[in-house]
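Engineer: Structure provided below as structure tokens; questions to follow.
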């Protein structure tokens, strides 16, 4: 649904560059939205090391691609001008839109889950704001399709004890 620009956050022994995103469930069924965070380094690792997903037809399951040399098509090794790509490179990208490995959610679970008539559509992060307790937290602002704005504190990965995601 939406992705915030990367921010530097301190939720482990060292600073990580995180990207926060909002996701939405399919339109049918229970409407819900979630906020997740991903480590930029883990994203780069998956795109540089994972095999491409491949399937023989639209009804097939996605499997590891058996291509002999895909290194020239690796994300991050692209030209700044897509018009300069060869027809072979464009065809490969269209035929292989997925990597075989998933990028893990940095905190292991959504930071927040929202169910209701409205759903998350926008997200912005105020990173590493110093709180009264002296700790630094990422502050999350999320907009909905109904015009509501939620302000949340990311407590995931801290010493805070909660049984539910941050709200």
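The values are calculated or read from the model by the stated rules, or taken from the named source; none is laboratory data. Remember, predicted model here, so these are calculated numbers, not experimental data. Please note: Cβ atoms are built from the backbone with ideal geometry, for glycine as well, and neighbour counts cover all protein chains shown.
Engineer: Only one of 149, 132 is farther than 22 Å from residue 38 by Cβ, at pLDDT 95 or above and loosely packed, with under 14 Cβ neighbours inside 10 Å; which? Full working, then the answer.
Structural biologist: Values: 132 fails: at pLDDT 95 or above.
Being farther than 22 Å from residue 38 by Cβ, at pLDDT 95 or above and loosely packed, with under 14 Cβ neighbours inside 10 Å holds for just one of 149, 132, which is 149.
Engineer: While we're looking at this one, here's another question. Restricted to region 24-44, and to residues that are in contact (Cβ under 8 Å) with a residue 60 or more places away in the chain and under 12 Å from the mean Cα position of the chain (by Cα), which residue is surrounded by the fewest Cβ atoms within 10 Å (Cβ to Cβ)?
Structural biologist: Among those residues, the one meeting the criterion is 42.
Engineer: Would you point out the residue of region 1-31, among those that are in contact with a helix residue (DSSP H, G or I) (Cβ under 8 Å, 6 or more places away or on another chain) and outside any loop (DSSP other than H, G, I, E, B), that is modelled with the lowest pLDDT? Spell out how you get there, then give the answer.
Structural biologist: Within region 1-31, the subset in contact with a helix residue (DSSP H, G or I) (Cβ under 8 Å, 6 or more places away or on another chain) is 6, 16-19.
When the remaining residues are screened for being outside any loop (DSSP other than H, G, I, E, B), the result is 16-19.
On the way: 16: 90, 17: 93, 18: 94, 19: 96.
Residue satisfying both the conditions and the ranking: 16.
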